[in-house]
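Worksheet: one structure, shown below.
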Amino acid sequence: MTILILHIPSFTFLIMPSTHHRFVFVLFDGFSNLVLASALEPLRAAAGLPNGPQISWDICTIDGSPATSSSDLVITPKAALNAIADPTHIDYLVVISGYDMRHHLSSRTRARLQNAAQHARTVIGVDTAAWLLASCNMLAGKSATIHWQELDQFREQFPDVTVLTDRFVEDGKMITSGGAATVMEMMLHILARQYGPAVAFDVSNLFVYDARHQRHGDPNISARGADRLHGPGADHVRHAVAEMIAHIETPVALKSIAIHAGCSLRSLDRAFQDNLQMAPGKYYQMLRLGRARDLARSTDMKLADIALQTGFKSHAALSRAYAQAFGTTLRAMRSKRRPAAAIGT
């Protein structure tokens, strides 16, 4: 059974998938820092959750040399693409290039990308990397997209590729996308597919959530992370979650939350099940437990005080609920003192 925990922005929901996924990033000189961050940070955020999904990644270049971004940031890779550990186990091969992609088309580049792609379950080309993938004959007969500035030349250069203007395009094992905004959307799509829609919702809120706008009904709410929800009753879920967040320390009854969300309690339960595969009461409790975890990990507050700040009647009640949800104790977690996964996102 999959368990999920939401983090908004310092509330962390648990995710317990059973499958490990490995991402291998291949950087080329001229790559965009923002594109790399948009591809990597959602993975980091999800993997950093307590007992979160088993996601790992390697950063490499074709020959193992450092890669310089378009803004002169130098990234030292873990290895050359042909020298990474366990090269036959790649779930996602993510190729990132910038405006100099035409200059990277050496025979060695083609050979190493083609070899890695043969072992990858999914191959992703972001920004202008679709050009490299097409040059390696990986996109022949497929649909793809690329950074909007290269669309026309891409279409002329590769007539065997059906060039689309979609934000990202998935065709078989190949996924292509354009700039940074579309890359973030693509990564959320991948997280949703692998771990469920609630995970994409949770991770997206790490980067775009604004508690004041969420609580006060910002008319632009549909452009924010909560728009990841599209199931029946999604608006009710959004309003309910905002109300829950506003009442972490002093929990309110679910009936009151349902009234605030503009629906009946029964309808709210159905909406949460449809959108987040979790009952609203459980979700509310996990919000509070996530907050308790963050306070224990990032402060020296007594556990009794943490219990009061997260709406639990006593330290004992908090400890029981936390142990049942996370399989460990707050005291044991505090002793490890790991940095909070979502601070600074």
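The values are calculated or read from the model by the stated rules, or taken from the named source; none is laboratory data. None of these values were measured; they are calculated from a predicted model. Cβ sites come from the backbone with ideal geometry, for glycine too, and all protein chains shown count toward neighbours. Please note that ligands, DNA and RNA were not included when accessible areas were found on the heavy atoms of the full protein model with its side chains. Shrake-Rupley method; radii C 1.70, N 1.55, O 1.52, S 1.80 Å.
Summarising the amide proton neighbourhood of residue 57: residues at separation of 5 or more, or on other chains, whose placed amide H is nearer than 5 Å comprise 23. Extending 7 Å from the Cα toward the beta-carbon at both residue 277 and residue 304 defines two label points whose distance is 4.1 nm. By accessible area, using a 1.4 Å probe on protein heavy atoms only, region 118-204 has 47% of its surface on carbon and sulfur.
When each of the peptides 272-280, 238-246 is scored by the mean number of other C-beta atoms lying within 10 Å of its residues, the order from highest to lowest reads 238-246, 272-280.
Backbone geometry of region 150-166 corresponds, through the Karplus equation with coefficients 6.51, -1.76 and 1.60 at θ = phi - 60°, to 3J(HN,Hα) couplings of 9, 4, 5, 5, 4, 5, 6, 6, 10, x, 7, 10, 7, 8, 10, 9, 4 Hz, x marking Gly and Pro.
Calculated FRET efficiency, residue 74 and residue 252, Cβ-Cβ r, R0 45 Å, to nearest 0.05? Once rounded, the FRET efficiency stands at 0.30. Accessible area per residue was computed with a 1.4 Å probe on protein heavy atoms; residue 92 scores about 0 Å². Modelled spin labels at residue 156 and residue 83, positioned 7 Å past Cα toward Cβ, are 4.0 nm from each other. Name the long-range amide H neighbours of residue 120: under 5 Å, sequence gap of 5 or more, or other chain; modelled H, no Pro or chain starts. Those lying under 5 Å, H to H, from residue 120: there are none. One chain, two ends: residue 99 and residue 193. Fully extended at 0.36 nm per residue, the span grows by 30.8 nm beyond their Cα-Cα distance. Whole-Hz Karplus values for region 316-324 come out as 5, 5, 5, 4, 5, 5, 5, 4, 5 Hz, taken residue by residue from phi with 6.51 cos²θ - 1.76 cosθ + 1.60 and θ = phi - 60°; glycine and proline positions read x. Straight Cα distances below 30 angstrom link residue 142 to the lysines 173, with same-chain residues fewer than 8 positions distant left out. Taking all protein chains as shown and a probe of 1.4 angstrom, residue 249 keeps an accessible surface of around 110 Å².
Do the alpha carbons of any pairs in 255/313; 255/302; 255/282 sit beyond 25 Å of each other, and which pairs? Exceeds cut-off: 255/302.
Largest to smallest in accessible area, the residues 112, 293 fall in the order 112, 293 (1.4 Å probe, all protein chains included).
The 3J(HN,Hα) values that the Karplus relation (6.51, -1.76, 1.60; θ = phi - 60°) gives for region 234-247 are, in residue order, 4, 4, 5, 5, 4, 5, 5, 4, 4, 5, 4, 5, 6, 10 Hz. Gly and Pro appear as x.
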